[in-house]
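The values are calculated or read from the model by the stated rules, or taken from the named source; none is laboratory data. Computed from a prediction, not measured in an experiment: that's the story for all the values here. Because the Cβ atoms are built from the backbone with ideal geometry, glycine has one as well, and the counts that use them run over all protein chains shown. Note: areas computed on protein heavy atoms with side chains; ligands, DNA, RNA excluded. Shrake-Rupley method; radii C 1.70, N 1.55, O 1.52, S 1.80 Å.
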Amino acid sequence: MSTVTGIVLAGGSGTRMGMAKNKTLLSLCGKSVLARSMEALAPFVDDLIVVYRGEDREAVQDVAAREAVLSCPVRMTLGGDTRQASVRSGLAALPDSCGTVLIHDAARCLVDAETILRVLQSAKEYGSGVAAVPVVDTIKKAGEALEVEETLRRDQLWAVQTPQGFRRPLIEQAHAEAEKDGWVGTDDASLLERLGQPVHLVMGSRHNIKLTTPEDLAMAEVFLRGSAPAVSPLRIGQGYDVHQFAQGRPLILCGIEVPYSLGLDGHSDADVAVHALMDAMLGALSLGDIGKHFPDTDDRYRGISSLELLRHVMGLMAERHAQLVNADITIVAQTPKLAPYIPAMRAKLAEVLAVPEDRVSVKATTTERLGFEGRKEGISSQAVVLMQLTD
Ligand code: MG
């Protein structure tokens, strides 16, 4: 059975981007241009060949192995000095089963599925399929002195893109002939044209731009953000904790010592409300729980104020550019009566969390004498937080 191979040209020079780095390795909205191109083609081909420049070998390998999420096998092959030589390297690496080739510039990472399908269908039906869009500008031909020699007929002009798809023998022959004659074209279709082979255009997309200048990268970001639903920068987290009453210990809740005959048992100061709060904060950032960060087997945390642990969690938040929007804590206790201490609890937490007091809510409830809290065996606490990622 004849298969389809996608050749992705990752040799794009970054010189017009004003930087030495290969532009296809630049990140676009959190993913490299190359990975985006590979992922775009993968669903429509049986395998991918990525053609790289020697100096980019490791970086390109990394994209293929770690970054791109692919539904087909991928192989790498070293390119040549020119785009045309690189395509030849890709063609030389085609598997025996390959009957149709899709050649794509990795710098066109915004190519859409419909364009690829039209190219593929035309290549299978007519031997060639080349993505292109009608030219909207008036095109003039001018000499070196910028004197116009001719205004071209716009209704006959198309701006050509990639992918370009071909039946394998046609494109292999075209490249072999061009190499033999020392003829260099700016795309693969032109190599067929010079042999008198028909080349079929199919409709491409105006979003399928070739990322050449820094302005292109900015425009691609606009296209991407416009087409994909924005991921909310808000994160929610929830926490829950329980501590048992114990003799001879102070009762610390939200960093405030509440006068009572019993305290809570625990490795640290057993501030059950701050524990629930920290678990909610860690949960919002998917960082596990306080047991992971402050194991009770570690003597450093014996008797420590939970506010110290909270300060550490604040540091983790800052490292991830997260800000607390608000927190809501519920303390479930049959005794003692907590209402008189709630303003001080809110003030203390707001100070440590570095937010205004109106962003920190502390509530207390009993359980109408039901359950372990109702039997005065201990205190539980629940917390929810909302966080905002700032970049
Ligand atoms: Mg605890």
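For the chain, which whole percent of the accessible surface, found with a 1.4 angstrom probe, sits on carbon and sulfur atoms?
Working: 10070 of 19510 Å².
Heavy-atom surface of the chain belonging to carbon and sulfur, 1.4 Å probe: 52 percent.
What number does segment 292-354 give for Rg over Rh if you use C-alpha atoms and the Kirkwood radius?
Result: Rg/Rh = 1.02.
Whole-Hz ³J(HN,Hα) for each residue in segment 367-374, computed from phi via Karplus 6.51 cos²θ - 1.76 cosθ + 1.60 with θ = phi - 60°, x for glycine and proline: what do you get?
So the Karplus estimates, Gly and Pro as x, are 10, 6, 6, 8, x, 5, 5, x Hz.
Amide H of ALA131: which non-local residues (sequence gap of 5 or more, or other chain) have their own amide H closer than 5 Å, using H built in the peptide plane?
GLN161, GLY165, VAL202
Among VAL274, VAL87, VAL148, which one shows the biggest mean-square fluctuation in a GNM of the chain, springs joining Cα atoms closer than 10 Å?
Of VAL274, VAL87, VAL148, the most mobile in the Gaussian network model is VAL148.
Toward the positive end of the charge dipole of the chain, about the Cα centre and with charges on Cβ (Lys, Arg +1; Asp, Glu -1), which of PRO336, PRO295, GLY30 goes farthest?
Final value for the positive-end residue is PRO336.
With labels modelled as points extended 7 Å from the Cα through the Cβ direction, what inter-label distance (nm, one decimal) is found for GLN323 paired with ILE139?
5.0 nm
If you count only protein heavy atoms with a 1.4 Å probe, what accessible area per residue comes out for segment 22-136, rounded to a whole Å²? Before the final figure, lay out each step's value.
Numbers: 4500 Å² over 115 residues.
Result: 39 Å² per residue.
Just the accessible area per residue of segment 335-391, please: how many Å² with a 1.4 Å probe? Present the calculation step by step, with values, prior to reporting the outcome.
Values: 3170 Å² over 57 residues.
Per residue, segment 335-391 has an accessible area of 56 Å².
Over the chain, with a Gaussian network built from C-alpha contacts below 10 Å, which listed residue (SER86, SER305, SER32) shows the highest mean-square fluctuation?
Maximum among the listed residues: SER305.
So between LYS363 and ASP96, what do we pick up on full extension, going 0.36 nm a residue minus the alpha carbon distance?
89.0 nm
Would you calculate a helix-derived [θ] at 222 nm for the chain, using -39,500 (n - 2.57) for each DSSP H run of n ≥ 4 and dividing by the full residue count, to the nearest 500? Don't skip to the answer; put the middle values down first.
Numbers: 12 runs with 119 residues, N = 391.
Helix contribution divided over all residues of the chain: -9000 deg cm²/dmol.
Each residue of segment 260-274 in turn: what ³J(HN,Hα) in whole Hz from Karplus with 6.51, -1.76, 1.60 and θ = phi - 60°, glycine and Pro shown as x?
For segment 260-274, the Karplus-derived couplings read 6, 6, 10, x, 10, 7, x, 6, 8, 7, 6, 6, 4, 6, 5 Hz, x marking Gly and Pro.
Taking the Cα centre of segment 54-200 as origin and charging only Cβ (+1 Lys, Arg; -1 Asp, Glu), how large is the dipole, in debye to the nearest 20?
So the dipole magnitude of segment 54-200 works out to roughly 460 debye.
Under a point-charge model restricted to the Cβ atoms of Lys and Arg (+1) and Asp and Glu (-1), what is the dipole moment magnitude of the chain relative to its Cα centre, in debye to the nearest 20?
The calculated dipole for the chain is roughly 400 debye.
Sort VAL60, VAL136 by accessible area with a 1.4 Å probe, largest first.
Correct descending sequence by accessible area is VAL136, VAL60.
Can you give me the long-range amide H partners of ILE304? Hydrogens built in the peptide plane at 1.01 Å from N, cutoff under 5 Å, separation of 5 or more residues or another chain.
Amide H neighbours of ILE304, under 5 Å, 5+ apart: ASP269.
Write down the radius of gyration of segment 128-196 and its Dmax, each obtained from C-alpha positions, in Å.
Using the Cα atoms of segment 128-196, the pair Rg, Dmax is 15.0, 43 Å.
Loop sites only, by DSSP: take the GluC sites (Glu not before Pro) in the chain that have at most 16 other C-beta atoms within 10 Å and name the longest stretch containing none of them.
With a cap of 16 other Cβ atoms within 10 Å, the longest stretch comes to 148-367.
Show the residues, 5+ positions off or on another chain, whose built amide H is closer than 5 Å to the amide H of SER361.
Those lying under 5 Å, H to H, from SER361 are ALA327, ASP328, ILE329.
For a quick check, take a GNM of the chain with Cα springs below 10 Å and name the residue from PRO163, PRO259, PRO43 with the largest mean-square fluctuation.
PRO259
Could you give me the ³J(HN,Hα) list for segment 76-91, computed from phi with Karplus coefficients 6.51, -1.76, 1.60 and θ = phi - 60°, whole Hz, x at Gly and Pro?
With the stated coefficients, segment 76-91 comes to 10, 9, 6, x, x, 6, 10, 4, 5, 5, 5, 4, 4, 4, x, 5 Hz.
State the antiparallel share, in %, of DSSP beta bridges confined to the chain, rounding to the nearest 5.
Rounded to the nearest five, the antiparallel share is 60 percent.
Using a simple charge model, +1 on the beta-carbon of Lys and Arg, -1 on the beta-carbon of Asp and Glu, nothing else, what dipole does segment 196-259 show about its Cα centre, in debye to the nearest 20? Mind dumping the intermediate values first?
On the way: 5 positive and 5 negative charges, 34 e Å.
In total the dipole reaches around 160 debye.
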